[in-house]
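Inspection log for the structure reproduced underneath, given as C-alpha coordinates.
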Amino acid sequence: MLVSLFERIGELPMSDRKRSGYHVYFADLYIHLRQLDPALINLSQAFNYRPYPGFPLRQAVLSASAGRFADALIFVDRARQANADRNWLLPSMAAEIDRLQAEFQARIEP
(Lines give C-alpha, C1' and ligand atoms only; values in the text may rest on other atoms or scores of the structure.)
Protein backbone atom coordinates (compact mmCIF):
# COMPACT_ATOMS: atom_id res chain seq x y z
CA MET A 1 0.00 0.00 0.00
CA LEU A 2 2.76 2.49 0.89
CA VAL A 3 4.73 1.48 -2.19
CA SER A 4 1.78 2.31 -4.43
CA LEU A 5 1.37 5.65 -2.62
CA PHE A 6 5.04 6.44 -3.24
CA GLU A 7 4.65 5.46 -6.89
CA ARG A 8 1.75 7.89 -7.22
CA ILE A 9 3.74 10.66 -5.55
CA GLY A 10 6.51 9.98 -8.06
CA GLU A 11 4.15 10.99 -10.85
CA LEU A 12 3.95 14.55 -9.50
CA PRO A 13 6.17 17.27 -10.97
CA MET A 14 9.22 18.03 -8.82
CA SER A 15 12.52 19.86 -9.09
CA ASP A 16 15.62 17.70 -9.44
CA ARG A 17 16.57 18.29 -5.80
CA LYS A 18 13.10 17.28 -4.57
CA ARG A 19 13.05 14.29 -6.94
CA SER A 20 16.37 13.19 -5.46
CA GLY A 21 14.97 13.44 -1.95
CA TYR A 22 11.87 11.55 -3.01
CA HIS A 23 14.02 8.64 -4.19
CA VAL A 24 15.96 8.66 -0.91
CA TYR A 25 12.69 8.37 1.03
CA PHE A 26 11.49 5.66 -1.34
CA ALA A 27 14.77 3.80 -0.70
CA ASP A 28 14.16 4.15 3.05
CA LEU A 29 10.76 2.53 2.62
CA TYR A 30 12.30 -0.39 0.75
CA ILE A 31 14.98 -0.74 3.42
CA HIS A 32 12.24 -0.91 6.03
CA LEU A 33 10.54 -3.59 3.93
CA ARG A 34 13.90 -5.43 3.68
CA GLN A 35 13.98 -5.19 -0.11
CA LEU A 36 17.59 -4.44 -0.98
CA ASP A 37 17.52 -4.22 -4.77
CA PRO A 38 14.67 -1.67 -5.03
CA ALA A 39 16.40 0.38 -2.32
CA LEU A 40 19.64 0.37 -4.30
CA ILE A 41 17.79 1.33 -7.48
CA ASN A 42 16.12 4.28 -5.77
CA LEU A 43 19.42 5.48 -4.36
CA SER A 44 20.88 5.30 -7.88
CA GLN A 45 17.99 7.40 -9.14
CA ALA A 46 18.54 9.90 -6.31
CA PHE A 47 22.19 10.10 -7.38
CA ASN A 48 21.19 10.66 -11.01
CA TYR A 49 19.21 13.74 -9.97
CA ARG A 50 21.81 14.99 -7.49
CA PRO A 51 25.28 13.42 -7.59
CA TYR A 52 25.91 13.59 -3.86
CA PRO A 53 28.66 11.11 -2.81
CA GLY A 54 26.67 10.06 0.24
CA PHE A 55 24.15 8.21 -1.93
CA PRO A 56 26.61 5.64 -3.36
CA LEU A 57 28.22 5.35 0.08
CA ARG A 58 24.85 4.39 1.46
CA GLN A 59 24.50 1.86 -1.37
CA ALA A 60 27.92 0.49 -0.43
CA VAL A 61 26.92 0.00 3.21
CA LEU A 62 23.63 -1.64 2.21
CA SER A 63 25.40 -3.98 -0.21
CA ALA A 64 28.01 -4.88 2.39
CA SER A 65 25.29 -5.60 4.95
CA ALA A 66 24.00 -8.23 2.53
CA GLY A 67 27.48 -9.69 2.08
CA ARG A 68 27.91 -8.18 -1.38
CA PHE A 69 31.37 -6.73 -0.77
CA ALA A 70 32.44 -6.63 -4.43
CA ASP A 71 29.30 -4.60 -5.24
CA ALA A 72 30.01 -2.39 -2.23
CA LEU A 73 33.44 -1.55 -3.66
CA ILE A 74 31.85 -0.50 -6.96
CA PHE A 75 29.62 1.92 -5.06
CA VAL A 76 32.64 3.19 -3.11
CA ASP A 77 34.36 3.97 -6.43
CA ARG A 78 31.27 5.86 -7.59
CA ALA A 79 31.29 7.84 -4.35
CA ARG A 80 35.00 8.61 -4.78
CA GLN A 81 34.37 10.02 -8.27
CA ALA A 82 31.37 12.07 -7.09
CA ASN A 83 33.45 13.38 -4.20
CA ALA A 84 36.19 14.45 -6.62
CA ASP A 85 33.60 16.20 -8.82
CA ARG A 86 31.77 17.90 -5.94
CA ASN A 87 31.44 21.64 -5.56
CA TRP A 88 34.51 22.86 -3.70
CA LEU A 89 32.28 24.53 -1.11
CA LEU A 90 31.00 21.15 0.06
CA PRO A 91 33.02 19.14 2.59
CA SER A 92 35.01 16.19 1.33
CA MET A 93 33.94 12.65 2.21
CA ALA A 94 37.37 11.23 1.29
CA ALA A 95 38.15 9.95 4.80
CA GLU A 96 34.86 8.02 5.02
CA ILE A 97 35.31 6.70 1.49
CA ASP A 98 38.84 5.48 2.31
CA ARG A 99 37.67 3.87 5.55
CA LEU A 100 34.83 1.97 3.89
CA GLN A 101 36.99 0.88 0.98
CA ALA A 102 39.58 -0.58 3.36
CA GLU A 103 36.89 -2.31 5.42
CA PHE A 104 35.16 -3.88 2.41
CA GLN A 105 38.43 -4.81 0.73
CA ALA A 106 39.51 -6.63 3.90
CA ARG A 107 36.28 -8.67 3.78
CA ILE A 108 37.05 -9.85 0.23
CA GLU A 109 40.74 -10.63 0.58
CA PRO A 110 41.65 -13.60 2.78
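The values are calculated or read from the model by the stated rules, or taken from the named source; none is laboratory data. Quantities reported herein were computed from a predicted structural model and do not represent experimental measurements. Cβ: placed from backbone, ideal geometry, glycine included. Neighbour counts: every protein chain shown. Protein only, heavy atoms only, side chains kept; ligands, DNA and RNA dropped before computing areas. Shrake-Rupley method; radii C 1.70, N 1.55, O 1.52, S 1.80 Å.
For this structure, a couple of remarks:
- Theoretical FRET efficiency, 1/(1+(r/R0)^6), r = Cβ-Cβ of Ala95 and Gln35, R0 30 Å, to 0.05: 0.45
- FRET efficiency for the Glu109 to Gln81 pair, using the beta carbon distance and R₀ = 22 Å, is estimated at 0.45.
- In this structure the chain gives 64 Å² per residue of accessible area when probed at 1.4 Å with all protein chains present.
- Mean Cα-pair separation over length for the chain, i.e. relative contact order, pairs under 8 Å, 6 or more apart, %: 19 percent
- Between the residues Tyr30, Asn87, Phe69, the greatest Cα displacement towards the positive end of the dipole of the chain, with unit charges on the Cβ of Lys, Arg, Asp and Glu, is found for Asn87.
- CD proxy at 222 nm, helix term only [per DSSP H run n ≥ 4: -39500 (n - 2.57); per residue of the chain; nearest 500]: -24500 deg cm²/dmol
- Computed over protein heavy atoms with a 1.4 Å probe, the carbon and sulfur contribution to the accessible area of region 6-92 reaches 56%.
- Neighbour net charge for Tyr30 - beta-carbon separation under 13 angstrom, K R +1, D E -1: -1
- Charge dipole of the chain about the Cα centre (unit charges at C-beta), most positive-ward option of Leu40, Ile108, Leu12: Leu12
- With respect to the chain, whose longest principal axis is taken over its alpha-carbon atoms, helix 36-49 is tilted by about 80°.
- Of the peptides 75-82, 47-54, 9-16, 27-34, the ranking by mean beta-carbon count within 10 Å, highest at the top, reads 75-82, 47-54, 27-34, 9-16.
- Nearest-ten-degree value, helix 69-85 long axis tilted from longest Cα axis of the chain: 80 degrees
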